[in-house]
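Beneath this line is the structure, given in structure tokens, with notes to follow.
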Amino acid sequence: MRELFRKRRMWRPQRELKDSYDVVIIGGGSHGLAAAYYLQKEHGIRDVAVLEKRYIGSGAAGRNTTILRSNYKTVEGARFYDQSVKLYEGLSQELDFNLLFSQCGHLTLAHSDRAMFVMANRAEVNRLCGIDSRVIDPDEVRRLAPAMRVDRSATYPIMGALYHPPGGIIRHDAVVWGLARGADRGGVELHQNTEVTGLERSNGRVTAVNTNRGRIKAGVVLCCTAGWSTLICEMAGVELPISTYILQACVTEALKPLLDVVIVSSQMHTYISQTDRGEFLLGSEIEPWTTYRMQGTLNFLQEVCRHALELFPQLERARILRSWAGLCDLTPDYSPILGKTEAENFHISAGWGTYGFKAAPIVGKTLAQLVATGETPELIAPFALERFYGDRLVSELAAAAVSH
Ligand SMILES: Cc1cc2nc3c(=O)[nH]c(=O)nc-3n(C[C@H](O)[C@H](O)[C@H](O)COP(=O)(O)OP(=O)(O)OC[C@H]3O[C@@H](n4cnc5c(N)ncnc54)[C@H](O)[C@@H]3O)c2cc1C
């Protein structure tokens, strides 16, 4: 029986922290775990510790609404997210763990002439990058989502949509567990309940990481703490142009299958999908105040239900099962900050706002490459922190945020 239990364990029991590691990764979310996974898999770097202050996936990785897509507005963004979706397509097989990735298609609704113009622009950029994305008319929207109300008398009439067939949803906790198990099997140490409390910096390098379980020396430190990034980076003397907000979501009780595409409306500040379990998953925009308190609000529930019912009046009697909130780290241009900082051996993955889960595999792969080679991969060069000092923003305004 004990043997069976040992075989079934997701990862090895936690051991004592060593005095030093080649690489210390702060944050056991999807990005930190993906970086750990690709470090051992693609570069044979195994002397790695992932430090997580709570449990694996307790941050935004375990709270997001799991939308994956690559139909972004800029060439830099579209190319980057496209690589991530492609990695996700093979990840279940690679990790030998079913991530339940359903490429059911993604519809961004347009409710005005201006929105149709923006969608047409995005479709052009997407197609130039080889991404399947096109503008469709209300009849095609109706065919793809027959249960949705598509009529001209609605408060926000649907004039068309940006249709992105490869977009879809995935099981977020499976992604986190699969990556953690993969990293552990490759020799990476996972340390839960291990909070980073300080970073020591001298001669332009981070030399040691202080935790609630002791001090560790580190060759390279990766900060993958999403909503907490500014706090950790401050410990290293690195300032980020990021503000942290909460984003909320909720699910209804399970219903019969009604919807098999992801619906997003930036103008209505809502997005809707139906999970494998039948629950309607509803989300909205970030709250307009900065905070680290992950507490839900009644206002969110009222607003999200109002908009969802405009699109799906048949949900009128559906009961909300639960709601939750998570932290989102937003940059001024709605693009992430990736790679090197002014501290020589301290690299970051931050500024993910409401849309970073879809990027986890490509973040892990490119950060691992940066650690292994010391060179910034070309794909992430546009997202360097220094772009804010050189006026080289990568604006994803109107294509990120509520669109996820
Ligand atoms: C409600 C909601 C819906 C979302 N929907 C989508 C979506 O549909 N699609 C999408 O692509 N993105 C979505 N996002 C955004 C996405 O979840 C995040 O951008 C992404 O998960 C961030 O990367 P991560 O998984 O590594 O972060 P996290 O999971 O937040 O990982 C950071 C980890 O760092 C740990 N940490 C913090 N401080 C310390 C410390 N001092 N010491 C040690 N560990 C520390 C935290 O505990 C946490 O586990 C959504 C977010 C929310 C909140």
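The values are calculated or read from the model by the stated rules, or taken from the named source; none is laboratory data. The shown structure was predicted, so the numbers you read here are calculated from the model rather than taken from an experiment. Positions of Cβ are generated from backbone atoms using ideal geometry, with glycine treated the same way; all protein chains shown enter the neighbour counts.
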**Message:** If I filter the stretch 38-59 down to residues being more than 13 Å from Gln369 (Cβ to Cβ) and either hydroxyl-bearing (Ser, Thr, Tyr) or not assigned by TED's automatic domain parsing to the domain that holds Ala208 (or both), which single residue comes out as surrounded by the most Cβ atoms within 10 Å (Cβ to Cβ)?
**Reply:** Ser58
**Prompt:** Among (1) within 30 Å of Met116 (Cα to Cα); (2) buried (at least 24 other Cβ atoms within 10 Å of the Cβ); (3) more than 10 Å from the ligand (Cβ to nearest atom), where does Arg79 come up short?
**Reply:** (2)
**Residue that is within 9 Å of the ligand (Cβ to nearest atom), in contact (Cβ under 8 Å) with a residue 40 or more places away in the chain and touching a His at 6+ places or on another chain (Cβ under 9 Å), where the choices are Thr108, Thr66** = Thr66
**Asked** Exactly one of (1) more than 10 Å from the ligand (Cβ to nearest atom); (2) assigned to a loop (DSSP other than H, G, I, E, B); (3) over 14 Å from Tyr21 (Cα atoms) is unmet by Gly187. Its number?
**Response** (3)
**Asked** Which of the residues belonging to the stretch 320-339 are surrounded by fewer than 18 Cβ atoms within 10 Å (Cβ to Cβ) and not aromatic (Phe, Trp, Tyr)?
**Response** Ile320, Leu321, Arg322, Ser323, Pro332
**Message:** Can you tell me how many residues within the stretch 29-63 are under 16 Å from Lys365 (Cα atoms), within 7 Å of the ligand (Cβ to nearest atom) and not in a helix (DSSP H, G or I)?
**Reply:** 1
**Fill in**
The one condition Asp22 fails out of (1) more than 13 Å from the ligand (Cβ to nearest atom); (2) touching a Leu at 6+ places or on another chain (Cβ under 7 Å) is (2)
**Prompt:** Being farther than 30 Å from Thr373 by Cα and either away from the ligand (no atom under 12 Å from the Cβ) or part of a strand (DSSP E or B) (or both), is that true of even one residue in the stretch 224-244?
**Reply:** yes
**Request:** From Glu253, Glu279, grab the single residue that is among the acidic types (Asp, Glu), surrounded by fewer than 16 Cβ atoms within 10 Å (Cβ to Cβ), away from the ligand (no atom under 12 Å from the Cβ) and under 19 Å from Pro313 (Cβ atoms).
**Result:** Glu253
**Prompt:** Within the stretch 198-216, is there a residue that is touching a strand residue (DSSP E or B) at 6+ places or on another chain (Cβ under 9 Å), assigned to a loop (DSSP other than H, G, I, E, B), touching a residue at least 24 places away in the same chain (Cβ under 8 Å) and crowded, with 22+ Cβ neighbours inside 10 Å?
**Reply:** no
**Item:** Enumerated strands (runs of 3 or more DSSP E) restricted to the stretch 301-404, each holding at least 1 residues that are within 25 Å of Glu239 (Cα to Cα), of a type in the set (Asp, Glu) and within 16 Å of the ligand (Cβ to nearest atom)
**Value:** 320-330
**Message:** Can you report the number of residues in the stretch 70-88 which are part of a loop (DSSP other than H, G, I, E, B) and either among the β-branched types (Val, Ile, Thr) or on the phi > 0 side of the Ramachandran plot (or both)?
**Reply:** 1
**Prompt:** Got a sec? Which of Lys365, Lys340 is under 17 Å from Ala35 (Cβ atoms), of a type in the set (Lys, Arg) and touching a residue at least 60 places away in the same chain (Cβ under 8 Å)?
**Reply:** Lys365
**Prompt:** Is it true that Leu259 is outside any helix (DSSP H, G or I) and not small (Gly, Ala, Ser)?
**Reply:** yes
